[in-house]
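Quick notes on the structure that follows.
The values are calculated or read from the model by the stated rules, or taken from the named source; none is laboratory data. Note that the coordinates shown come from a computational prediction; the quantities given were computed from them, not determined experimentally. In this analysis, Cβ positions are derived from the backbone assuming ideal geometry, glycine residues included, and neighbour counts consider all displayed protein chains.
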């Protein structure tokens, strides 16, 4: 559909009134292409889009009828950034939905998910995610390529079949991985910022069945880079090349210190 801004409608009406008393009139239309619905507050690119014009010629004898209308032409630049992002997010969610967090993904599926993720990373609205409060809280893992998490070499009943969460608090630089059914294992870690996007992860405690604490022997280390972040979606990549896609479920959650 085509959506006209109220200011543009006013301009159009003014030009139309002037056209009724002349042989010809030039009426500029500035239109936005509403190709993808968005429920988020928009954020716009810094550059102002360039709009084309249409020439409308009115007959003097009967100004109520159009004699000739030149069609308005549109370019991809009309697509606003937030609609592009929403379209990519919907594509991502639909692609990963049947993949059982990645356990059922074929190499072709993995390639498709990675391509969509890279397109979102290219338009990441937050260039310094470690400085953003949007990172705080509990995130549910929707998809990963990490075999240490998916455990696809095991029979399905021995894999983590319930929801898996990762929590982060940037103010305390703490993180926590939480498995649910059937094992309920947990791991907590300290985060050491390497830049405004990447952290070193140093695990300090593990819990078996959420009950038995085990101090980390010191070998549980890695790195994590936040490559895309908004209020409900996070994309991260590990130093081993693994991809993690998560959705926000509880922004108020605090990781144990």
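Residue 116 meets all of the listed conditions (1) in contact (Cβ under 8 Å) with a residue 24 or more places away in the chain; (2) in contact with a strand residue (DSSP E or B) (Cβ under 9 Å, 6 or more places away or on another chain) but one, namely (2).
Go through 237, 221, 197, 174 for me and flag whichever is in contact with a strand residue (DSSP E or B) (Cβ under 6 Å, 6 or more places away or on another chain), assigned by TED's automatic domain parsing to the domain that holds residue 133 and in contact (Cβ under 8 Å) with a residue 40 or more places away in the chain. Just a single option satisfies the conditions, and that option is 197. The lone criterion from (1) surrounded by fewer than 18 Cβ atoms within 10 Å (Cβ to Cβ); (2) part of a loop (DSSP other than H, G, I, E, B) left unmet by residue 121 is number (2). A single member of 191, 126, 142 is surrounded by 17 or more Cβ atoms within 10 Å (Cβ to Cβ) and either within 18 Å of the chain's Cα centre (by Cα) or under 17 Å from residue 243 (Cβ atoms) (or both), and it is 142.
Which of the residues spanning segment 241-253 are touching a helix residue (DSSP H, G or I) at 6+ places or on another chain (Cβ under 9 Å) and in a loop (DSSP other than H, G, I, E, B)?
Looking only at segment 241-253, we keep the residues that are touching a helix residue (DSSP H, G or I) at 6+ places or on another chain (Cβ under 9 Å), and these are 242-245, 247-248, 251.
Across segment 241-253, the qualifying residues are 242, 251.
Residue-wise test of (1) over 30 Å from residue 148 (Cβ atoms); (2) out of contact with any strand residue (DSSP E or B) (no Cβ under 7 Å at 6 or more places or on another chain); (3) modelled with pLDDT of 50 or more.
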{"site": "54", "(1), (2), (3)": "yes, no, no"}
{"site": "58", "(1), (2), (3)": "yes, no, no"}
{"site": "64", "(1), (2), (3)": "yes, yes, no"}
{"site": "68", "(1), (2), (3)": "yes, no, no"}
{"site": "82", "(1), (2), (3)": "yes, yes, yes"}
{"site": "95", "(1), (2), (3)": "no, yes, yes"}
{"site": "101", "(1), (2), (3)": "no, no, yes"}
{"site": "104", "(1), (2), (3)": "no, yes, yes"}
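For segment 199-232, a tally of residues being assigned to a strand (DSSP E or B) and buried (at least 19 other Cβ atoms within 10 Å of the Cβ) returns 7.
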